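Participant: Sending over a structure as structure tokens; questions will come in a sec.
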Amino acid sequence: MFGEHDQHLTLIEQRLGLDITPRGNKVSVSGTKEAREAARRVLNGLYERARNGLEITAGDVDGAIRMSRSSTAPCVDSGAEIKTLRKTISPRSPGQEAYIRALQSEDLIFGTGPAGTGKTYLAVAAAATELSNGKVDRIILSRPAVEAGERLGFLPGDMKEKVDPYLRPLYDALYDVLPASLVNRGMTEETIEIAPLAFMRGRTLSSAFIILDEAQNTTPQQMKMFLTRFGANSRMVVTGDPSQIDLPAGTRSGLDHATRLLEGVDGITQIRFDENDIVRHPLVTRIVSAYNNASKQ
């Protein structure tokens, strides 16, 4: 399965603390019982991915290792994956697995936690899949348009030019999971809408997959306004990082207020990511851990 990808075997050896020796189409694994069992789950999961014709990247290997360490169940064909028109996205951490399952079944999901955990990307991928499959008629992606103390009136250009820099991460995610031609056509036909949060006021959003990103920078009033836009046959996802609030001092975050107020409410799912779910460069995990430790002192 690996061949020219021997670096993947090396990564598994290093992360799980064991030795792997290729023997033709098989491998020999030596180490503790726990490490061997984890390696078995990792290798089986990656083999299943290769058998389905999917690429195996270093990120996929890292994700398989995370899953093997955190669950006693095999990470093979768990069903928790998102199939977009451009790629199949599998969970790379237990938090991501729970999140993907919620995105596929729940009507209102809060995904909170540090950067790099896939909160926004996975939500956009799920939205793209539902649009492609005809389960919703449109995607609506939104963000608070004022961050870090800047005001739109002080920025150059028309309204679109003013807000596009704030919404760029949402564009990037869309283009990664859908062909550019479909994204551009969707925006022209308004089946894909990317707009600042202020544009949501007064609307009822039906048959739509609605995502509010960077929600930590909403006020409680803005959050209430957004949540009450919910229409028939819609799904709503709210994402944010409570540690990255850019609101003026003394202003309570609408994300913090909503997650506390709505805890335990039937029909609302909250997925909380932590540094163990970060799937960017390993250095990002160490940076987040350092900041978290400093905030506790």
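The values are calculated or read from the model by the stated rules, or taken from the named source; none is laboratory data. The model shown is predicted, which means the values in this text are computed figures rather than measured ones. Note that each Cβ is placed from the backbone with ideal geometry, even for glycine, and that neighbours are counted across all protein chains shown. Calculation scope for accessible area: heavy atoms of the full protein, side chains included, ligands and nucleic acids excluded. Shrake-Rupley method; radii C 1.70, N 1.55, O 1.52, S 1.80 Å.
Participant: Hey, could you check region 87-127 for residues that are part of a strand (DSSP E or B) and either in contact (Cβ under 8 Å) with a residue 60 or more places away in the chain or of a type in the set (Asp, Glu) (or both) and say which is surrounded by the most Cβ atoms within 10 Å (Cβ to Cβ)?
Facilitator: Gly111
Participant: Can you pull out the residues in region 60-75 that are surrounded by fewer than 24 Cβ atoms within 10 Å (Cβ to Cβ) and either in a loop (DSSP other than H, G, I, E, B) or modelled with pLDDT of 90 or more (or both)?
Facilitator: Within region 60-75, Ser71, Thr72, Ala73, Pro74 meet the criteria.
Participant: When only residues in region 18-58 that are of a type in the set (Lys, Arg) and assigned to a strand (DSSP E or B) count, which is modelled with the highest pLDDT?
Facilitator: It comes out as Lys26.
Participant: Sticking with this one: Out of (1) on the phi > 0 side of the Ramachandran plot; (2) in contact with a His (Cβ under 7 Å, 6 or more places away or on another chain), the odd one out for Pro220 is which?
Facilitator: Of the numbered conditions (1) on the phi > 0 side of the Ramachandran plot; (2) in contact with a His (Cβ under 7 Å, 6 or more places away or on another chain), the odd one out for Pro220 is (1).
Participant: Would you point out the residue of region 76-86, among those that are among the aliphatic types (A, V, I, L, M) and open to solvent by 20 Å² or more (accessible area, probe 1.4 Å), that is farthest from Phe209 (Cα to Cα)?
Facilitator: Looking at the filtered set, the residue picked out is Val76.
Participant: In addition: Restricting the search to region 30-47, which residues are open to solvent by 40 Å² or more (accessible area, probe 1.4 Å) and of a type outside the set (Phe, Trp, Tyr)?
Facilitator: Ser30, Thr32, Lys33, Glu34, Arg36, Glu37, Arg40, Asn44
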